[in-house]
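The values are calculated or read from the model by the stated rules, or taken from the named source; none is laboratory data. Just so you know, these numbers come straight off a predicted model, no measurement behind them. Every residue, glycine as well, gets a Cβ built from its backbone with ideal geometry; the counts of neighbours run over all protein chains shown.
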Amino acid sequence: MYKKYVESQGGGGGEVEVLGYLAHAHFSWAKFSEASQDPAEGSKMDERYKKAMEYLRQSENTTPDSEDIAFNVVLLKNDFAYGVMSKREKDLKRTLKEVQQTKVHLEEVKGVSLSWGA
């Protein structure tokens, strides 16, 4: 429903808010998957984090100078990295590619965090 609204607006008002809502919904769903002890649910975490990031990136393209969106991207990358690294504790498989991507996300988070402190 919300996705159809965004597509129908074609750059009209409210798009950023709806994309933010969609990102938050997928983020919450990913956190639920991450907390689940069910391996089938836990394996869906990656896709849900990626979908949340996709909506944040769309939102970022709409308003590229938004510090709120940039901050949310950093938080999402941090949480996604933590989720991937915690897979081992739950006996879920993680690939070398996932771990490498996690390292990239954490380096980006560190770089942005340091630039905000300057």
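Data table
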read-out	value
Helices (runs of 4 or more DSSP H) completely within region 43-118 that count 2 or more residues being under 16 Å from the mean Cα position of the chain (by Cα) and farther than 22 Å from Ser28 by Cβ	96-117
Subset of region 18-44 (residues that are under 17 Å from Phe71 (Cβ atoms) and modelled with pLDDT under 85)	none
Selected residue (only one of Lys110, Lys87 is of a type outside the set (Gly, Ala, Ser) and more than 23 Å from Glu60 (Cα to Cα))	Lys87
Residue identified as among the charged types (D, E, K, R) and either farther than 11 Å from Val16 by Cα or touching a strand residue (DSSP E or B) at 6+ places or on another chain (Cβ under 7 Å) (or both) among Glu60, Glu89	Glu89
